[in-house]
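The values are calculated or read from the model by the stated rules, or taken from the named source; none is laboratory data. Not measured: the values here are computed from a predicted model. Cβ placement follows ideal geometry from the backbone for every residue including glycine, while neighbour counts extend to all protein chains displayed.
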């Protein structure tokens, strides 16, 4: 078992494949606006930087860029629909439940540091019965800053009563890996999420293709970092 005493995880694209439900919720409001729908692949290319950024980027590819009123309308409708339908098409990535259970049973403290807003994060965690794994869940609108700002990670660790020197981060995107680098903690990049750039450009400490590979990767990272 890994020598890190604290593990932080991103949520969308890391623990869960939520893009289909995000897409469905966005499209419900786009339809009400008379805009064409976006695809799940479009959605995967747009997520990761918070709900407002998602809505701004969505409008830019669904007809034309929106003004402030358009963005606010899409954001409000999206959040409302998603909050009521958080897990109809969302799945937990293979091996994630097993890994989370093993870590928790071993006494490793687990937390979530996500750019997903609170209004949609907690409903999906509850719907998928995931919240009990995590001692802290800090979302993209919990604070005035979010990943890749390292303060998002530091606040999550503080909320857990944990220290950065004994922590590692697991994520799927450039925002995750940059945040971990900015916070000075080792990081694992998963390849099955929503990364927007080539994996090898991010300089993650480890890259894994399945959750079954996470514990071995963390063990190697712990040795490399003198844990």
Checking 129, 98 in turn, the sole residue that is part of a loop (DSSP other than H, G, I, E, B) and at pLDDT 95 or above turns out to be 129
| said: Can you confirm whether residue 90 is in contact with a helix residue (DSSP H, G or I) (Cβ under 7 Å, 6 or more places away or on another chain) and within 30 Å of residue 55 (Cα to Cα)? | reply: yes
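Against the definition (outside the structural domain of residue 171 (by TED's automatic domain parsing) and in contact with a helix residue (DSSP H, G or I) (Cβ under 6 Å, 6 or more places away or on another chain)), how does residue 79 come out, yes or no? Break it down into steps so the answer makes sense when it comes.
Values: outside the structural domain of residue 171 (by TED's automatic domain parsing): yes; in contact with a helix residue (DSSP H, G or I) (Cβ under 6 Å, 6 or more places away or on another chain): yes.
Answer is yes for this residue.
Tell me, which helices (runs of 4 or more DSSP H) lie completely within the range 15-94 with 1 or more residues that are within 29 Å of residue 214 (Cβ to Cβ) and in contact with a strand residue (DSSP E or B) (Cβ under 8 Å, 6 or more places away or on another chain)? Show your work before the answer.
Numbers: elements: 19-32, 40-46, 51-61, 68-84.
Here the list reads 19-32.
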From the option list 168, 175, single residue qualifying as farther than 30 Å from residue 85 by Cα, within 16 Å of the chain's Cα centre (by Cα) and in contact (Cβ under 8 Å) with a residue 40 or more places away in the chain is 168
Handout entry: Residue in the range 145-156 that is under 29 Å from residue 25 (Cβ atoms), in contact with a strand residue (DSSP E or B) (Cβ under 9 Å, 6 or more places away or on another chain), modelled with pLDDT of 95 or more and surrounded by fewer than 19 Cβ atoms within 10 Å (Cβ to Cβ) present
Key = yes
Checked 58, 114 against criteria (crowded, with 17+ Cβ neighbours inside 10 Å and assigned by TED's automatic domain parsing to the domain that holds residue 149); the one match is 114
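Suppose we filter 60, 96, 51 for residues that are over 19 Å from residue 169 (Cβ atoms) and in contact (Cβ under 8 Å) with a residue 60 or more places away in the chain; which single one remains?
51
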Notebook entry, point to check: What about residue 77, is it more than 15 Å from the chain's Cα centre (by Cα), at pLDDT 95 or above and buried (at least 16 other Cβ atoms within 10 Å of the Cβ)?
Noted result: yes
Residue 177: passes all of (1) crowded, with 22+ Cβ neighbours inside 10 Å; (2) in contact with a helix residue (DSSP H, G or I) (Cβ under 9 Å, 6 or more places away or on another chain); (3) farther than 20 Å from residue 102 by Cβ but (2)
